[in-house]
Amino acid sequence: MEQEVGLIGFGEAGSTFALAGGWAAAAHVYDAKAEAADTRDAMLAAYRQAAVLPARSMKDALDGATLILSLVTADQALAVAVAAAALIAPGALYCDMNSIAPQTKQAAARIIEAAGAHYVDVAVMAPVDPARLNVPLLLSGGATQEAQARLATLGFANIRVVGSDVGRASSIKMLRSVMIKGMEALTAECVLAAEAADVLDEVLASLDASEKTQPWDVRADYNLDRMLMHGLRRAAEMEEVVKTLEGLDTGAAMTRGTVERQRAIGALGAETVPEGLSAKIAHIVRDSPARHSRESGGASPALARAEALGDGFPLLRE
């Protein structure tokens with residue numbers, strides 16, 4: 001491959017895209033987890049498995065790169081753009097693929113473009129697994145045509161330009177998330193309460209009677225699975241949705257509740273997600289902050305983890 005790719009962030013999305021596209025060997029990858037003591041070994045192992053070119057710093061990752069993909073957690077996206085702006089080559093394409101508010105992307109765009117590079121707002125509109133490079137991408141900004149062509153050379157097969165204004169693609173993503181992540185949070189609230197009231201089967205049967213697209217025990221199991229595995233990341237994304245709604249001045253009360261519920265369940269951990277709806281409910285109830293507080297008079301380890309999220313993760317050390 002002639003073009004050189006700078007990939008910032010090697011979590012689920014970054015690693016999936018690089019491996020699926022067959023361009024891992026041409027990508028210079030930087031992830032701050034490779035520098036943190038508690039995550040270094042796992043990240044270095046992921047690098048080796050993917051056969052990518054690990055960069056020792058963000059400077060190394062962006063050196064000579066004409067296409068940069070940013071795929072980090074929502075709370076780090078703006079900080080990454082700030083750091084990249086000091087290192088990016090003039091004329092390079094900076095594709096911000098993070099799930100953040102349009103206001104955040106507009107702030108990042110001003111910084112990147114002041115450095116002489118081109119900023120592209122990219123919204124990833126579905127889970128990357130199993131879609132991989134067929135995942136729908138929405139693009140907006142001033143360099144979308146070039147970005148569409150460059151992303152296509154990486155194997156992305158479902159790209160659509162939605163406008164020339166940075167923030168338009170992100171607005172579509174954020175406002176869709178109000179429903180998608182909100183339904184997950186409402187699912188948790190419903191089934192946990194129904195189990196506590198010993199009416200879970202009746203509630204699920206009632207929901208099945210009103211909507212036949214998928215049995216609600218299957219849907220509820222799937223939604224809790226996603227929250228246990230990705231609740232912390234989704235909570236950070238939903239914080240950006242709150243910003244989006246506040247920017248529109250339409251109210252964000254339910255979405256704030258979704259942030260809290262996603263974060264609380266995500267903080268329970270996802271190394272071994274139980275199989276089946278009943279097992280997931282039992283796992284959540286057993287380690288819930290509320291139950292721990294009642295029984296021991298203190299906050300649970302899960303709640304402590306959730307409250308510590310404000311510090312993010314160490315990033316951008318060279």
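The values are calculated or read from the model by the stated rules, or taken from the named source; none is laboratory data. These numbers come from a predicted model, not from an experiment. Counting neighbours? That spans all protein chains shown, and the Cβs are built from the backbone with ideal geometry, glycine included. Note: areas computed on protein heavy atoms with side chains; ligands, DNA, RNA excluded. Shrake-Rupley method; radii C 1.70, N 1.55, O 1.52, S 1.80 Å.
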List the relative contact order of the chain as a percent without decimals, with contacts defined as Cα pairs under 8 Å and 6+ residues apart. 15
For the range 127-223, averaging the sequence separation of alpha carbon pairs under 8 Å that lie six or more residues apart and dividing by its residue count, the contact order in percent is 21
Any chance you could check the Cα centroid distance between the range 147-209 and the range 71-124 for me, in angstrom? 24
Accessible area of the chain belonging to carbon and sulfur atoms, whole % at 1.4 Å probe: 53
Can you return the lysines within cross-link range of residue 280? Criterion is Cα-Cα under 30 Å, with same-chain partners fewer than 8 residues away left out. 33, 173, 181, 212
Residue-normalised accessible area of the chain, expressed per residue, 1.4 Å probe, Å²: 47
At a probe size of 1.4 Å, how large is the accessible area of residue 187, to the nearest 10 Å²? 10
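Treating only the Cβ atoms of Lys and Arg (+1) and Asp and Glu (-1) as charged, compute the dipole magnitude of the range 1-131 about its Cα centre; round to the nearest 20 debye. If you can, show how the numbers build up before the last one.
Values: 7 positive and 14 negative charges, 25 e Å.
For this selection, approximately 120 debye.
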Radius of gyration and maximum dimension Dmax of the range 171-215, Cα, Å: 12.9, 40
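Run the dipole for the chain about the Cα centre, Lys and Arg Cβ at +1, Asp and Glu Cβ at -1, nothing else charged, and hand back the magnitude in debye, nearest 20.
Once rounded to the nearest 20, the dipole reads 460 debye.
Just round it to a whole percent: the fraction of Cα-Cα distances in the range 142-251 exceeding 22 Å. Let's see the in-between values first.
Values: 3172 of 5995 pairs.
Here the tail beyond 22 Å accounts for 53 percent of pairs.
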Which of the aspartates and glutamates could a cross-linker span from residue 59 if the Cα-Cα distance has to be under 15 Å and same-chain partners fewer than 8 positions apart are dropped? 4, 31, 35, 318
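Considering only DSSP beta bridges whose two residues both sit in the chain, what percent are antiparallel, to the nearest 5? Intermediate results must be reported in sequence, preceding the final value.
On the way: 4 of 26 bridges.
Of those bridges, close to 15 percent are antiparallel.
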Using 7 Å Cα-to-Cβ label points, what is the residue 249/residue 206 separation (nm, one decimal)? 3.9
Taking N as the residue count of the chain, its alpha carbon Rg divided by 2.2 N^0.38 Å gives 1.04
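Counting each DSSP H run of 4 or more residues in the chain as -39500 (n - 2.57), what helix-only mean residue ellipticity at 222 nm follows after dividing by all residues, to the nearest 500 deg cm²/dmol?
Details: 14 runs with 174 residues, N = 318.
Computed ellipticity for the chain at 222 nm equals -17000 deg cm²/dmol.
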Expected field for residue 121, accessible surface area in Å² at 1.4 Å probe radius, rounded to 10, holds 0
